[in-house]
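What follows draws every value from the coordinates through simple rules; no lab data is involved. Every value quoted in this text rests on a predicted model; they were computed, and no experiment measured them. Cβ sites come from the backbone with ideal geometry, for glycine too, and all protein chains shown count toward neighbours.
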Amino acid sequence: MNESQEAAFLRRCQAGDKEAFRTLVEQYRSILFGTAYLMMRDRGLAEDAVQEALIQIWKHLPSFRLKSSIKTWLVRIVVNEVKQQFRKKQVPTVPLEQASEVVEDLDKAETVMIRNEDRQHLWRTMEMLPQEQREAVVLRYFSELTVPEIAAVTGQREGTIKSRLSRALSHLGEILRSDRTWEGGR
């Protein structure tokens, strides 16, 4: 969908067209759920966070002004809802390797597919990252947001996002290179 088509579509949503909103949700469903799941590592909590985010999106859709992409705006609301869930209660930790089960069900699975054993090793390694770095990696490489979009979603400066991504990738590289049991690193 190009920008003018997206703008016309959004005007329909803003006018209260529930079918247009349903289409919007379907278009971004996998990205929104995948982002929440990879951040929370719990399917039920991720579903709850996305559901709450969709309520907020519907409520605030009339105020959206197309100054950022709709994708960035939607992901920002989901990320904020996930952070709010973390503040409300301690979210149980579930190994990120279980994310592979969900990712395979998502529309964008082909962009995430790595051999199964390598993917599981990568998920375990991702768990070692601090939350801010893991969040930046998920938003960049799963949600496919640009650095400026991640900055908008998280409310951080672009330099901070670049630094987090750089540190995260460096840290992941060190761990993967030092782990002799990982077959994919040869």
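What net charge is computed for the residues neighbouring residue 132, neighbours being all others with C-beta under 10 Å from the C-beta of residue 132, Lys and Arg scored +1, Asp and Glu -1?
+2
Model label sites at residue 86 and residue 64, defined 7 Å from Cα along the beta-carbon direction, differ in position by 2.4 nm. Label-to-label distance, residue 47 versus residue 26, with points set 7 angstrom from Cα along the beta-carbon direction: 2.0 nm. Annotation for the range 1-43 versus the range 50-73: alpha-carbon center distance of 8 Å. Ordering 37, 28 from the fewest to the most neighbouring beta carbons within 10 Å gives 28, 37. With 24 Å as the limit on Cα-Cα distance, the pairs of 71/162; 88/162; 59/162; 59/88 that go past it are 88/162; 59/162.
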